[in-house]
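A.B. asks: Below you will find the structure I want to go over with you.
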Amino acid sequence: MQAFAEIVEFFHARCLRYARYMLGEEEDAEEAVQDTFVRVWDHIEQFRLDARFEPWLFRILANRCRTARERRRRREALVTTGELPAVAAEATEASRDLMEEVEAALEELPSEQREAFLLRHVEDLSYEDMAVITGVRLSALRMRVKRACDALRTRLQQER
């Protein structure tokens, strides 16, 4: 039990950051992370000891985020909320504006590109780990990251 608590403590902040960027809403992100750790606890016996833990954890989290996005998409098809993700209170006005631009640009990316970009450039995972997480070939992941970077660069340059 203590070992699992240490795992949660070590990975929680990174998982929450990833989920926030994938889902855009704090409550959805927290729910996805909590559900991820419950699933890890329930299925820890399925973890292969010869594999790396981090990709296995992020694969579960990525699946939970995909499920949450789809659930939200169906819900929003019925009701539009118009809420924006929260921005840190201590941020300056300029950094708040930039953060909103980046979040909006990320939101416009196709989900496969957003996922690949976040895993590579925010979570700093290797392409090999990303392949384990997503089940996608390395060449396709590299292309998704490149396209995401190109789209973000174009979008952010248009805003300036």
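A.B. asks: Mind listing whichever residues of region 106-124 are assigned to a helix (DSSP H, G or I), over 15 Å from L138 (Cα atoms) and among the acidic types (D, E)?
C.D. replies: E107, E108
A.B. asks: To continue, here is another question. Residues to consider are R120, R153, R114, R147; find the one that is surrounded by 15 or more Cβ atoms within 10 Å (Cβ to Cβ), over 21 Å from I60 (Cα atoms) and charged (D, E, K, R).
C.D. replies: Just one listed residue meets the conditions, R147.
A.B. asks: Within region 13-24, does at least one residue satisfy the condition of being modelled with pLDDT under 90, part of a helix (DSSP H, G or I) and surrounded by fewer than 18 Cβ atoms within 10 Å (Cβ to Cβ)?
C.D. replies: Scanning region 13-24 turns up no residue that is modelled with pLDDT under 90, part of a helix (DSSP H, G or I) and surrounded by fewer than 18 Cβ atoms within 10 Å (Cβ to Cβ).
A.B. asks: Given the criterion surrounded by 12 or more Cβ atoms within 10 Å (Cβ to Cβ) and without any contact (Cβ under 8 Å) to a residue 40 or more places away in the chain, identify the matching residue among D35, D28.
C.D. replies: None of the others qualify; the one that does is D35.
A.B. asks: Same structure, new question: Filter region 123-140 for residues that are over 16 Å from E54 (Cα atoms) and buried (at least 19 other Cβ atoms within 10 Å of the Cβ) and give the result.
C.D. replies: none
A.B. asks: Say whether the condition of being at pLDDT 90 or above, among the hydroxyl-bearing types (S, T, Y) and not in a loop (DSSP other than H, G, I, E, B) is met by at least one residue in region 34-55.
C.D. replies: For region 34-55, residues at pLDDT 90 or above, among the hydroxyl-bearing types (S, T, Y) and not in a loop (DSSP other than H, G, I, E, B): present.
The values are calculated or read from the model by the stated rules, or taken from the named source; none is laboratory data. These numbers come from a predicted model, not from an experiment. A quick note on method: Cβ atoms are made from the backbone with ideal geometry, for glycine too, and the neighbour counts reach across all protein chains shown.
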